[in-house]
Amino acid sequence: MNKKIILLALCSLLLALCSAAEAQQPAKIPRIGFLIAASTSANAARNEAFRQGLRELGYVEGKNTIIEWRSAEGKADRLPGLAAELVRLKVAAIVSGGPSTTRAAKEATSTIPLVVAQDPDPVGSGFVASLARPGGNITGLATLTPELSGKRLELLKEIVPKLSRVAVFGTSTRPGNAQELREVELAAEAFKVPLQHLDVLDPKDIETAFRAASKGRADALLVLGGPVLISHRTQVVELAVKNRLPATYDRPEFVEEGGLMTYSVSSTDLFRRAATYVDKILKGAKPADLPIEQPKKFELIINLKAAKQIGLTIPPNVLARADRVIR
């Protein structure tokens, strides 16, 4: 009897020790994939905005969450491999920096939740069934970029009243490019301004596009964007100045590098808000049930240094509408 009592006591003690050890084991830290097509430097402000959004929700990188950062550095052909790598890591969610990365991630997985930080037309791109009920494993934020592209042409017309021909740089393989170009064409028809669309698929296409714009006698430039263009934004901006072309861009980074003007959705606000989707998913929400949100913040940024370099005077009524003026 004494032996049985001792044995039972030992078993109870072992069970108690095991339970205590399990209780002391740290909770599993969620791992988040973050995939972008552009270079890391080009996306620095957006990356930090995402971190800030997570911090506001109580997540601290390296402590209670791990972020697997992956960048294609402007080389779109690297995206499928990077997306597959994140899938192999069994991340809890993948944050996509744009339509090209969303397509790569969508092809890599149909089960891991994908949070789109920005997309000009997630329905038109075939990523979601509708904005209200996305369905599938994708949700996130839309940018309304197609509509803004037409607005950028309007602004060009305001600062260059005698606008006669506009070169449009874009990347035809980038999801959303066709929709953006259509909006520019509609605005161009209204102003009776011919467009010269030039496809930039590779870094070597940038100089070729500028030579074609010069040969075509373009007197302004509108950049639709894309991984190649944003990753080589310094070159784009410098060539625009060299060719004395008033130019409008799709994101602030171009203007901060010395470009003339941008009217765009606040990308940093979108990336900060993307963190709220990650938080909901980590807490059990399904992407299919999380509506795609629209932009809430827009920015008109003008660089007067760039205007001076090309001998352009920005009309006071346009300057008065600017959210930020770089002097």
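Residue-by-condition table, conditions (1) under 28 Å from Tyr59 (Cβ atoms); (2) within 18 Å of the chain's Cα centre (by Cα); (3) surrounded by 24 or more Cβ atoms within 10 Å (Cβ to Cβ); (4) of a type in the set (D, E, K, R):
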site	(1), (2), (3), (4)
Gly226	no, yes, yes, no
Gln235	no, no, no, no
Leu239	no, no, no, no
Ala247	no, no, yes, no
Phe254	no, yes, yes, no
Thr268	yes, yes, no, no
Lys280	yes, no, no, yes
Lys283	yes, no, no, yes
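For Leu198, are the conditions met, namely being open to solvent by less than 10 Å² (accessible area, probe 1.4 Å), outside any helix (DSSP H, G or I) and under 26 Å from Asp119 (Cα atoms)?
Numbers: open to solvent by less than 10 Å² (accessible area, probe 1.4 Å): no; outside any helix (DSSP H, G or I): yes; under 26 Å from Asp119 (Cα atoms): yes.
The answer is no for Leu198.
If you go through the range 81-101 and pick out every residue that is in contact with a helix residue (DSSP H, G or I) (Cβ under 7 Å, 6 or more places away or on another chain) and surrounded by fewer than 22 Cβ atoms within 10 Å (Cβ to Cβ), you end up with 3.
Residues that are at pLDDT 95 or above and either open to solvent by 50 Å² or more (accessible area, probe 1.4 Å) or touching a Pro at 6+ places or on another chain (Cβ under 7 Å) (or both) were ranked within the range 165-185; the one that is farthest from Val115 (Cα to Cα) is Arg165.
Of all residues assigned to the range 66-80, at least one qualifies as being open to solvent by 60 Å² or more (accessible area, probe 1.4 Å), of a type in the set (Lys, Arg), modelled with pLDDT under 95 and out of contact with any Asp or Glu (no Cβ under 9 Å at 6 or more places or on another chain). Yes or no: the range 112-125 includes at least one residue that is assigned to a loop (DSSP other than H, G, I, E, B), in contact with an Asp or Glu (Cβ under 7 Å, 6 or more places away or on another chain), in contact (Cβ under 8 Å) with a residue 12 or more places away in the chain and over 18 Å from Phe34 (Cβ atoms). Yes, the range 112-125 contains at least one residue that is assigned to a loop (DSSP other than H, G, I, E, B), in contact with an Asp or Glu (Cβ under 7 Å, 6 or more places away or on another chain), in contact (Cβ under 8 Å) with a residue 12 or more places away in the chain and over 18 Å from Phe34 (Cβ atoms).
The values are calculated or read from the model by the stated rules, or taken from the named source; none is laboratory data. Predicted model only: the values in this text are computed from it and were never measured. FYI the Cβ positions are ideal-geometry reconstructions off the backbone, even for glycines, and counts take in every protein chain you see. SASA here: full protein model, heavy atoms, side chains in, ligands and nucleic acids out. Shrake-Rupley method; radii C 1.70, N 1.55, O 1.52, S 1.80 Å.
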